[in-house]
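J.: For reference, the structure I am asking about is given below.
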Amino acid sequence: MLLGRANELQYLNTVYETAGSRMVIVYGQKNVGKTTLLRQFTADKDVFYYTASPASTRQQQFLLGRKLKSISKQVSEYPDYDEIFTVMQSDSSIERKKVYVFDEWEHMIKADTTFMEALIRLLHHVYSENDAMIILCSSSIGFIENGLVSKIGKAALDISGFLKVKELKFADMIVRFPSYSMEECVKLYAVLGGFPGLWDYFEPKLSVEDNICENVLKKGCFLQEEGGRIVREELRETSVYYTILAALAQGREKLNALYAHTGFSRAKISVYLKNLMELEIVEKVFSVDTPGRDSQKKGVYRISNPYVHFWFKYIYPNYGECLSMESRDFYKRYIKDDLKTYCNEYFSEICREYMILSASKGALLIKPDKHGLFDGKEGKIDYIGQDGNGRTIAAFCYYSKPMVTYEDYKKNLLVLQQARLEAEQIYLFAGGRFDEKLSLESKVKGNVILLEMDDL
């Protein structure tokens, strides 16, 4: 079942149905669902699908030739790209456009530019008059967004468009795991995020705890190494990156804290953080600009990929124990008691998604054209929505607290005062319950909205 990709499919089909040959770049983080999307798109089309591995040009051509032979095409043992595309286009049809998908294609151009040169000839009908759609797919976000043009030069002019495949929403996860309670879905989102390629490793009939024990912590399972592998496959000097990510996972979110813990120079840390941000593994958190900007935290970094965060929070610092202990014993010792606290940050993300979706449906008191958060020195506003006239809606989220109290609400008002904001509506989201005094305040005031987890 392909969830949440209607817009992406529509885009690809529009390109396909446009007259003439076209070349598009499809990219996004590993496990985000690019391959599933492309398989769905090409299901009813004449397609040649090739996933490139790191290899020399000669080895790449050998592997392509072997794939062609497997579908009964006659090619040399070491064909060049001109021969490859001549053979592939020989059976294409004028009535039906052929689709070429080259997955992880950056491996094909690292050695030289001959592959791109052959693709351009294919686009310009050198091999035949028949139209083709070329899809170049990559998990290397940094390369696509920052190094592509310098690598392929004038060939970039023949790219018709870029499609960035982003993480799915929490709402899509609920559909994918219909038997889970809302609390279980929050835990699942905090571990796997919006990456459907990771969802596939979890069994919906098992609880989140059982899935973590069976499919993350058990020795030899794929996900036991995946958090580190995501980093290793894209970056060199993994020892440096691992050290920085482990520090971030333990809550050292500012440059000075990272410097004090790692011993690396601030300049070095900044460069490595920049590389991690290009890959969307780390993000720098910015607060909405408010009159109370002096009270904001500045220069705050966090791991933005939930599974990388989970892995460096629990598995990496206890890796030896993860390999030697029974998975359920490891879970009970290192994860179970802390998981609710760990989920707080992701519950806030889910609540922001709820507020933004509500705004898009016109379900809020105002129509915000700006969404964000405020990370203050004395507290956090998990969501701020503002319209063009400065009218504001604020939201505060509590996942791990069994009961949200009237005193919590009063502290929220102080944080709003610190940010110098006057909120026309205040939303409070709870993983547990609200106390009677706060519930009464909500009924009396009317502009204080209380939502429990199952209301999402």
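The values are calculated or read from the model by the stated rules, or taken from the named source; none is laboratory data. Not measured: the values here are computed from a predicted model. So basically every Cβ, Gly included, is an ideal-geometry build from the backbone, and we count neighbours across all protein chains shown. Calculation scope for accessible area: heavy atoms of the full protein, side chains included, ligands and nucleic acids excluded. Shrake-Rupley method; radii C 1.70, N 1.55, O 1.52, S 1.80 Å.
J.: Spelling out what I want: for every residue of segment 335-343, take phi, set θ = phi - 60°, compute 6.51 cos²θ - 1.76 cosθ + 1.60 (Karplus), and round to whole Hz; glycine and proline get x.
T.: 10, 3, 6, 9, 4, 4, 5, 4, 6
J.: Express the carbon and sulfur contribution to the solvent-accessible surface of the chain as a percent, rounded to the nearest whole number, probe 1.4 angstrom.
T.: Values: 10230 of 21090 Å².
Summing carbon and sulfur atoms, their accessible area is 48 percent of the total for the chain.
J.: If eta is 1.002 mPa s and T is 20 °C, what Stokes-Einstein diffusion coefficient results for segment 230-330, Kirkwood Rh from Cα pairs, in µm²/s? Mind dumping the intermediate values first?
T.: Working: Rh = 14.7 Å.
The calculation lands on 146 µm²/s.
J.: Separate question: Over segment 1-160, calculate the relative contact order: mean separation of alpha carbon pairs under 8 Å at least 6 apart, over the residue count, as a percent.
T.: Numbers: 213 pairs, mean separation 54.3, N = 160.
After rounding, I find 34 percent.
J.: Angle check, please: helix 57-70 long axis (alpha carbons) against the longest principal axis of the chain (alpha carbons), in degrees 0 to 90, nearest 10.
T.: 80 degrees
J.: Suppose every K and R has +1 on its Cβ and every D and E has -1 on its Cβ; what is the size of the dipole of the chain about the Cα centre, in Debye to the nearest 20?
T.: Details: 60 positive and 62 negative charges, 166 e Å.
Using Cβ point charges on Lys, Arg, Asp and Glu, the chain gives about 800 debye.
J.: So, one more: Please list the radius of gyration and Dmax for segment 1-112, considering alpha-carbon atoms only, with Å as the unit.
T.: Taking only Cα atoms of segment 1-112, I get Rg and Dmax of 15.0, 43 Å.
J.: Considering every Cα-Cα pair within segment 315-356, what fraction, in whole percent, is farther apart than 15 Å?
T.: 54 percent
J.: Return the Rg/Rh value of segment 116-232, two decimal places, where both radii are evaluated on C-alpha atoms and Rh is the Kirkwood radius. Don't skip to the end; give the middle numbers.
T.: On the way: Rg = 20.3 Å, Rh = 17.7 Å.
Rg/Rh for segment 116-232 comes to 1.15.
J.: So what is the calculated 222 nm ellipticity per residue for the chain, using -39500 (n - 2.57) for each DSSP H run with n of 4 or more, over all residues, to the nearest 500 deg cm²/dmol?
T.: Values: 21 runs with 194 residues, N = 456.
After summing the helix terms and dividing by the residues of the chain, the value is -12000 deg cm²/dmol.
J.: For a quick check: with amide H placed at 1.01 Å from N, whose amide H comes under 5 Å from Y427's, ignoring anything fewer than 5 positions away on the same chain?
T.: For Y427, the qualifying residues are A394, A395, F396, I449.
J.: Could I get the Rg over Rh figure for segment 69-174? Both from C-alpha atoms, Rh via Kirkwood, rounded to two places. Let's see the in-between values first.
T.: Working: Rg = 16.1 Å, Rh = 15.7 Å.
Here the Rg-to-Rh quotient is 1.02.
J.: Can you list the equivalent-ellipsoid semi-axes of segment 148-192, largest first and in whole Å, using the square root of 5 times each Cα gyration tensor eigenvalue?
T.: Equivalent ellipsoid of segment 148-192: 40, 11, 5 Å, largest first.
J.: Using only the alpha carbons, work out the radius of gyration and Dmax of segment 299-430 in angstrom.
T.: Cα radius of gyration and Dmax of segment 299-430 are 18.1, 59 Å respectively.
J.: Take the alpha-carbon centre of segment 293-352, take the same for segment 7-77, and report the distance between them in whole Å.
T.: Cα centres, segment 293-352 to segment 7-77: 36 Å.
J.: Let me ask another. When the scattering of segment 285-362 is computed by the Debye formula from its Cα atoms alone, each counted once and equally, what is log10 I(q)/I(0) at q = 0.21, 0.24, 0.26 Å⁻¹?
T.: Each listed q maps to, in turn, -1.05, -1.17, -1.23.
J.: What number results when the radius of gyration of segment 334-408, computed over Cα atoms, is divided by 2.2 N^0.38 Å?
T.: Working: Rg = 14.2 Å, N = 75, 2.2 N^0.38 = 11.3 Å.
Cα Rg divided by the expected 2.2 N^0.38 Å: 1.25.
J.: At 1.4 Å probe radius, can you tell me the per residue accessible area of the chain in Å²? If you can, show how the numbers build up before the last one.
T.: Details: 21090 Å² over 456 residues.
Ligands and nucleic acids excluded, the result is 46 Å² per residue.
J.: Taking just the alpha carbons, could you work out the radius of gyration and Dmax for segment 376-429, both in angstroms?
T.: 11.2, 37
J.: What percent of all Cα-Cα pairs in segment 357-456 falls in each 5 Å bin, counting up from 0?
T.: 3, 13, 24, 26, 20, 12, 2, 0
J.: To one decimal place, what Kirkwood hydrodynamic radius in Å is obtained for segment 50-105 from all pairs of distinct Cα atoms? Present the calculation step by step, with values, prior to reporting the outcome.
T.: Working: mean 1/r = 0.0840 Å⁻¹.
The answer is 11.9 Å.
J.: Could I ask something else about it? Hey, can you grab everything whose amide H is under 5 Å from the amide H of V126? Only 5+ residues off in sequence or another chain; H modelled, so Pro and N-termini drop out.
T.: Close amide H contacts, sequence-distant or interchain: none at all.
J.: In Å and whole numbers, how far do the C-alpha atoms of the chain stretch along each principal axis, longest first?
T.: If we take the Cα atoms of the chain, the spans are 79, 53, 48 Å.
J.: Right, here's the next one. With contacts defined as alpha carbon pairs under 8 Å and 6 or more residues apart, what's the relative contact order of segment 221-321 in percent? Provide the component values of the computation, followed by the final result.
T.: Working: 91 pairs, mean separation 34.4, N = 101.
The value is 34 percent.
J.: While we're here: When the expected Rg is taken as 2.2 N^0.38 Å, what fraction or multiple of it is the alpha-carbon Rg of segment 178-247?
T.: Cα-based Rg divided by the globular estimate yields 1.25.
J.: Can I ask one more? Normalising by the residue count of the chain, find the relative contact order in percent from Cα pairs under 8 Å and 6+ residues apart. Don't skip to the end; give the middle numbers.
T.: Working: 693 pairs, mean separation 56.9, N = 456.
The normalised contact order for the chain reaches 12 percent.
J.: On to the next question. For segment 141-154, what does the Karplus curve 6.51 cos²θ - 1.76 cosθ + 1.60, with θ = phi - 60°, yield as ³J(HN,Hα) per residue in whole Hz, taken in order and with x for Gly and Pro?
T.: Running phi through 6.51 cos²θ - 1.76 cosθ + 1.60 with θ = phi - 60° gives 4, x, 5, 5, 8, 10, x, 5, 4, 5, 7, 9, x, 5 Hz.
J.: Let me ask something else. Under 5 Å between amide hydrogens, which residues at least 5 positions from V26 or on another chain qualify, with H placed 1.01 Å from N in the peptide plane?
T.: L136, C137, S138, L163
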